[in-house]
Structures are given as structure tokens and as C-alpha cells.
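The values are calculated or read from the model by the stated rules, or taken from the named source; none is laboratory data. Given the structure is predicted, the values throughout are model-derived calculations rather than measurements. Every residue, glycine as well, gets a Cβ built from its backbone with ideal geometry; the counts of neighbours run over all protein chains shown.
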Amino acid sequence: MQAPAPQPSHRLIPSRFPPIGLFDTVATTADAEAVMELAGWTNDRLVRQRLARLPQHEWVFGRANSSIVMAAFLHAAPGGSRFNGPELGAWYAAAALVTAIAEVGHHLRREALARGTETLQRTFRSYTARLAGSYRDIRGSEPELHASDSYAAGQAFGEGLRAAGEDGVLYDSVRHRGGSNVCAYRPSQVLDVAQAEHLEVTVSAQEKRIEARRLGA
């Protein structure tokens, strides 16, 4: 079944990654290539490989927060994420801000456990976006694709959808009961990206409580 993405969707990005707007004002693909070289993005072998896998007509530039969108696809996690492998990233977002907080809180707690710290705190920038297209809706079904401890089935499924030209996946949040998320495969369909509030998220390694505090401007 296909369905539209939630509007707006919400994404959190750690504030340690600055919102560099190099792509926001360039006008051509050649300019975008020059900007990536200037920023040092293409000095990273993995980024160059990912860029080669992303069709040029999907490159996003010349509009607000283009760099944020491109970074989601070119700076993928080493092991991939739920519905993408490490070869090319995707734009992940939640239908509600509280769900986005639960998602980043889960990964922050895993980091706290790995570091052996009792608590961990990080500041995030929140973004809203309008996602165009039609998404494969697996909410309420496909339990193997919602596994809490393995992305293997989800990555194979998602990359199959991407190879077939589909726009992405709508799925249940594994970290926030009742919440839903979206994984978008086409940068050109991530529209009207706007920075919203800053949040300070704190987790405990031993408890499942997540504390989120809005920060002043």
C-alpha cells in the first residue's frame, strides 16, 4: 500500500554539525560540484562514491537548507540505517517532534552505554520538511522490518525499493509506541526544509527516561 508522508515531518540533527549553507545559493550542477570540492566533501572517498550513486537530477541546491538535505544522503552511517545500507544515505524524519526525540534519545543512550557514562546530553537542531511523493506504507505490518535489534531485513527491503525507483518507506517507530517515521530516498522530494527550535536531550544509561528541554534563541 502507498501513502503520502506526514506533513510536516520532523528531523533532529546534532548541533555539533553546523548548518553550512554552501549549497543554498549555487545555481548549477557544476557550481554544486565546485562547492563540494571547496568544502572538502569529496576528499572523503566514501562521500565521492555515494555522490556517484546519486543521480545528478536528484542533487539539491539553490534553495534554503540544501546542504542539510545533501548531507543526509552523502554522510551515511558506517553500518547504514534501518532502510538504507552504508552505500548511500536517506532522509529520515518523524510524524511528530516527540517521536523524533525518542529516536535520537535511543541512539544517545546506546552511546552512553558504549562510553560507560551514567548520563549523556546533546543539543539538537530541529527541522521541519514537506516530503513529496508516495511512500510504501508498512505501518502495522512486516514485523521483521521493524526489528529492534537488527537492520538487516530492513536494509535489504529498503534498498530494493530504492533500486525500483520508489520514493521511500512509511513505518512504525520502534522507539516511540504509536509514533510513525518516514525514510525518503529522493533528495528532490525533501521540500520546504526549515530550521525550528533547539533542544537539549539528556538520557540515562540505566533508565529509559528521555528528557528534552527547549533552548532559548
Condition check for Leu199: touching a strand residue (DSSP E or B) at 6+ places or on another chain (Cβ under 9 Å) and within 16 Å of Phe83 (Cα to Cα): no
Taking the stretch 8-48, which residues are modelled with pLDDT of 85 or more and surrounded by 13 or more Cβ atoms within 10 Å (Cβ to Cβ)? Pro8, Ser9, His10, Arg11, Leu12, Ile13, Ser15
Residue count for the stretch 181-211, restricted to those that are part of a strand (DSSP E or B) and within 19 Å of the chain's Cα centre (by Cα): 16
So, in the stretch 133-153, of the ones that are free of Cβ contacts under 8 Å to residues at least 60 places away in the same chain and touching a Leu at 6+ places or on another chain (Cβ under 7 Å), which residue ends up surrounded by the most Cβ atoms within 10 Å (Cβ to Cβ)? Ile138
Condition broken by Glu111, with the remaining ones in (1) assigned to a helix (DSSP H, G or I); (2) touching a strand residue (DSSP E or B) at 6+ places or on another chain (Cβ under 8 Å); (3) surrounded by 15 or more Cβ atoms within 10 Å (Cβ to Cβ) satisfied: (3)
List the number of the failed condition for Gly105; all other conditions in (1) surrounded by fewer than 19 Cβ atoms within 10 Å (Cβ to Cβ); (2) touching a residue at least 40 places away in the same chain (Cβ under 8 Å); (3) closer than 22 Å to Arg125 by Cβ hold. (1)
I want to confirm something. Restricting to the stretch 163-193 and keeping residues that are out of contact with any Lys or Arg (no Cβ under 9 Å at 6 or more places or on another chain) and of a type in the set (Ser, Thr, Tyr), which single residue is surrounded by the fewest Cβ atoms within 10 Å (Cβ to Cβ)? Ser188
Looking at Arg139, is it in a helix (DSSP H, G or I) and of a type in the set (Lys, Arg)? no
In the stretch 194-217, which residue that is exposed (fewer than 14 other Cβ atoms within 10 Å of the Cβ), of a type in the set (A, V, I, L, M) and at pLDDT below 95 is nearest to Tyr135 (Cα to Cα)? Leu215
Suppose we keep only residues that are touching a helix residue (DSSP H, G or I) at 6+ places or on another chain (Cβ under 7 Å) and not in a loop (DSSP other than H, G, I, E, B) within the stretch 114-136. Which one would you say is nearest to Val98 (Cα to Cα)? Ser126
Of the conditions (1) surrounded by fewer than 20 Cβ atoms within 10 Å (Cβ to Cβ); (2) more than 24 Å from Leu145 (Cβ to Cβ); (3) touching a residue at least 60 places away in the same chain (Cβ under 8 Å), the single one that Ile68 does not satisfy is (1)
Note down all Cβ pairs under 7 Å where the first residue falls in the stretch 196-216 and is closer than 18 Å to Arg175 by Cα and free of Cβ contacts under 8 Å to residues at least 60 places away in the same chain, the second is not aromatic (Phe, Trp, Tyr) and not in a loop (DSSP other than H, G, I, E, B), and they're at least six residues apart or on different chains. Glu211/Thr202
Go through (1) in a strand (DSSP E or B); (2) over 15 Å from the mean Cα position of the chain (by Cα); (3) at pLDDT below 95 for Ser148 and report which single condition fails. (1)
